[in-house]
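The values are calculated or read from the model by the stated rules, or taken from the named source; none is laboratory data. If you're wondering where the values come from, they're calculated on a predicted model, not measured in any experiment. With ideal geometry, Cβ positions are generated from the backbone for all residues, glycine too; neighbour counts draw on all protein chains shown.
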Amino acid sequence: MASEDVSRRVGYLKVLGNRNFLFLWLATLMSRTADSLLLIVMIWFVYGILTHNPLYAGFITAAYYIPTFLFAPYFGKLADTYDRKRLMMSATFFQFIFIFLLFAALSFRFLVLDITFLTVFAVASMGILVSISRSSTIPLAVPKEELTAANSLQQATTQMTRIFGFVAGGILLVLKDIGLILIVEMLIFLTSIAVLTVMSISGQKIGGPRRSGLDGLRYIVRERLFFEITVFLSIVNFTGAGMTMLPAVMAKTVFRSGPGLFSAILISLAIGTVAGNYAVTRFNVGSIVGKLLIATNALDAILYIVFAYSGNATVSTLVAAVIGFAEGISIVPFVTLIQARTPNDRLGGVLAGLSMLLLGSASISMVSSGFLVYLLGVRGVYLLFAILLFVMSAVAMNMKELRNATY
């Protein structure tokens, strides 16, 4: 009971007082800003400027997520074997190099569409290594009773940087200055590397036994709770991925608008998520985390229908904020649950395995959503996703380990 009370009182200022976590958080601030800027700009650049084809909107977003499915197990093995700080720094440097190559291609107008896809794929690949290494380092940087607050701050930071990235990206897209965006990206990556150099934690090998890249997947399959979580969230991620790409199609085809509305919807979604990330630190949700995941999933099903069929751009934009709030109050307890229930020398592999499976389903969604739009229309796709969420919520109520999950 005492640990629960401490966990409930821990706030952002307390965890930021930890020097190592402070620098880790600042590095997150930098890298997530670059990620958000890249994603919104590349989706609209490929769909709204180069091709005007919703299939390509799905393809470019899939290029951002597919690396997780391909490389996560190997990256998880690296994070459990080598110095996580150096891994983050090296991967961020390669992100800088890839963005520079895209900048050069744009400057010389050389294979712009092809190199754009390759760059997004490569930058996202390195981003997976950064993300796995960072998430595996958090439990080493803060005590267990501060994990919820630390994860909440990391998630809130991710969403705040998305807001900044979407605002900046929307403005720069209106100005059609892609080159300037890429310069900003490169500067952000270099700054992130500089911040990581002063972080002292994880300056050594983790020292755990050598395991194969698939060990994390085996652990997930063997542990009933993790297996049920993975099945449940694979469907959730399949539908949730639509809230990244499909709003671009909604803005252009349903509301007859442009990148400004697309950016506004994503900003609203991110603001709601930040609010949810903060709200979850005000309560002790460790004892109801499983039920919370199921309840927010069912709520999202209703909200998807309202979002798609409101007929009003303002209403849909506001509903996006509520969708984000539901996501925000569920993701932090989920991450904390995984960190609390996994031995640290296995954490990189488990996080990698989960990332591969969950974002793999998101990648499938990105590719298939473009085809589904042709078949059902963008509103029909949201209705299909809502039905899937309702069905998955009903099934999850019969998953005993998930329903009763605690940390």
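Looking across the range 69-119, not a single residue is among the polar types (S, T, N, Q), at pLDDT below 85 and within 20 Å of A27 (Cβ to Cβ).
Modelled with pLDDT under 90, touching a helix residue (DSSP H, G or I) at 6+ places or on another chain (Cβ under 8 Å) and among the β-branched types (V, I, T), is that true of V381? Here the answer is no, as V381 does not meet what is asked. Filtered by the rule that a residue be farther than 26 Å from Y56 by Cβ and out of contact with any Lys or Arg (no Cβ under 6 Å at 6 or more places or on another chain), the range 98-135 gives L129, V130, I132, R134, S135. Of all residues in the range 91-110, those that are free of Cβ contacts under 8 Å to residues at least 60 places away in the same chain and within 19 Å of L180 (Cβ to Cβ) have Cβ atoms under 6 Å from Cβ atoms of residues that are crowded, with 16+ Cβ neighbours inside 10 Å and not aliphatic (A, V, I, L, M), 6 or more apart or on another chain, in F98/T119. Selection within the range 75-93: residues that are of a type in the set (A, V, I, L, M, F, W, C) and more than 20 Å from the chain's Cα centre (by Cα). The member of this set that is surrounded by the most Cβ atoms within 10 Å (Cβ to Cβ) is L78.
Candidates F110, F69: the one that is within 29 Å of S365 (Cβ to Cβ) and either under 19 Å from the mean Cα position of the chain (by Cα) or not in a helix (DSSP H, G or I) (or both) is F69. G276 passes every criterion in (1) in contact with a Phe, Trp or Tyr (Cβ under 8 Å, 6 or more places away or on another chain); (2) modelled with pLDDT under 90; (3) over 26 Å from I229 (Cβ atoms) apart from (3).
Scanning the range 128-157 for residues that are under 21 Å from A79 (Cβ atoms), crowded, with 22+ Cβ neighbours inside 10 Å and touching a Ser or Thr at 6+ places or on another chain (Cβ under 7 Å) gives I128, V130, I132, R134, T137, L147, N151, Q154. When you look at Y56, is it surrounded by fewer than 24 Cβ atoms within 10 Å (Cβ to Cβ), touching a residue at least 40 places away in the same chain (Cβ under 8 Å) and closer than 19 Å to M366 by Cα, yes or no? Judged against the criteria, Y56 is a match. Contact annotation: residue pairs with Cβ atoms under 9 Å, 6 or more positions apart or on different chains, pairing a residue in the range 335-350 that is touching a residue at least 60 places away in the same chain (Cβ under 8 Å) and farther than 17 Å from T81 by Cα with a partner that is of a type in the set (D, E) and surrounded by fewer than 24 Cβ atoms within 10 Å (Cβ to Cβ), are R341/E223.
Please work out if S355 is surrounded by fewer than 22 Cβ atoms within 10 Å (Cβ to Cβ) and either closer than 27 Å to Y56 by Cα or without any contact (Cβ under 8 Å) to a residue 40 or more places away in the chain (or both). So S355 fails the test. Of the helices (runs of 4 or more DSSP H) entirely within the range 205-264, those holding at least 2 residues that are at pLDDT below 90 and touching a Ser or Thr at 6+ places or on another chain (Cβ under 7 Å) occupy 224-240, 242-249. Within the set L299, L372, the sole residue that is hydrophobic (A, V, I, L, M, F, W, C), surrounded by fewer than 24 Cβ atoms within 10 Å (Cβ to Cβ), closer than 18 Å to T253 by Cβ and out of contact with any strand residue (DSSP E or B) (no Cβ under 6 Å at 6 or more places or on another chain) turns out to be L372.
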